[in-house]
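Each value in this text was obtained by applying a stated rule to the coordinates, not by laboratory testing. Every value quoted in this text rests on a predicted model; they were computed, and no experiment measured them. With ideal geometry, Cβ positions are generated from the backbone for all residues, glycine too; neighbour counts draw on all protein chains shown.
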Amino acid sequence: VAPVTMNAFELISTSQGLNLSSLFEK
Amino acid sequence: MGCFCSKGVKRTPGYEEPTVLAAETPFTVSEVEALYELFKKLSSSIIDDGLIHKEEFNLALFRNRNKRNLFADRIFDLFDVKRNGVIEFGEFVRSLGVFHPNAPIEDKIAFAFRLYDLRNTGSIEQEELKEMVLALLHESDLVLSEDVIETIVDKTFSQADAKGDGKIDQEEWKEFVSKNPSLIRNMTLPYLKDITLAFPSFVLRSEVED
């Protein structure tokens, strides 16, 4: 998907800072 | 039947009873107990005081205690309900409850809105949206021209700001998410359903039946 067609919120939601699954990694 | 194991166990300062937390969240008592194992690990990684400090949060998220990230800061601030600079156990469980697969979708939508309402004004403004896009680009390898960034932000805003008043309020956000459900995909952590498998040690000794 070309970034220009992306929804800004969709782009933001890919931030590593929002990926809380990392909290559960041992 | 009582449990001989939990007697005399040292609890952290913000500890709350799993039965209470389970009643207020989608978690079972066993899952809350498993989360306590995770909480103890996270809250002792740098300062062993039973509270999650921002550096400990960042260390768990990024494997780097000094990494700064706008979105991680926002998550931390929302988890820190008492606004005292640390995350206590009750705050941790209640906030993670929103990310449970069984949590109400309205809670997830509301949490995401608060996350993106950077200045806590009750609406998401265009400047905030652009600031978040820039923050995302800063942390990724993606390079976009200023024109492309403006186009993405303008286009998104025109779709979400139904009233056209230059800001996205909660009602508009809810409507926008209903048309674009993928926007709150990151508000669900499937892992939370398996939390007792990941941290089983306490569960085996649990004194409370679910």
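Couple of notes before you dig in:
- Any hit, the stretch B:111-132, residues being closer than 17 Å to A:Phe9 by Cα, crowded, with 20+ Cβ neighbours inside 10 Å, more than 15 Å from the chain's Cα centre (by Cα) and free of Cβ contacts under 8 Å to residues at least 40 places away in the same chain: yes
- The residue that is nearest to the other protein chains (Cβ to nearest Cβ), counting only those in the stretch B:44-58 that are crowded, with 19+ Cβ neighbours inside 10 Å, free of Cβ contacts under 8 Å to residues at least 40 places away in the same chain and within 24 Å of B:Thr196 (Cβ to Cβ), is B:Phe57.
- B:Glu33 passes every criterion in (1) in contact (Cβ under 8 Å) with a residue 60 or more places away in the chain; (2) charged (D, E, K, R); (3) under 13 Å from B:Ile87 (Cβ atoms) apart from (3).
- The requirement of being without any contact (Cβ under 8 Å) to a residue 12 or more places away in the chain, surrounded by fewer than 20 Cβ atoms within 10 Å (Cβ to Cβ), touching a Leu at 6+ places or on another chain (Cβ under 9 Å) and part of a loop (DSSP other than H, G, I, E, B) is satisfied by B:Lys67.
- Residue selected from the stretch B:127-159 under the condition of a type in the set (S, T, N, Q) and under 19 Å from B:Val177 (Cβ atoms), by the criterion nearest to the other protein chains (Cβ to nearest Cβ): B:Thr156
Conditions (1) away from chain A (no Cβ under 14 Å); (2) within 27 Å of B:Val133 (Cα to Cα); (3) in contact (Cβ under 8 Å) with a residue 60 or more places away in the chain, marked per residue:
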site	(1), (2), (3)
B:Gly14	yes, no, yes
B:Leu21	yes, no, yes
B:Phe71	no, yes, yes
B:Ile75	no, yes, no
B:Leu78	no, yes, no
B:Gly90	yes, no, yes
B:Pro104	yes, no, no
B:Asp107	yes, yes, no
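- Positions within the stretch B:167-177 being more than 12 Å from B:Lys108 (Cα to Cα) and not basic (Lys, Arg), in sequence order: B:Ile168, B:Asp169, B:Gln170, B:Glu171, B:Glu172, B:Glu175, B:Phe176
- When B:Gly166 is tested against the conditions (1) small (Gly, Ala, Ser); (2) within 11 Å of another protein chain (Cβ to nearest Cβ); (3) surrounded by fewer than 17 Cβ atoms within 10 Å (Cβ to Cβ), the lone failure is (2).
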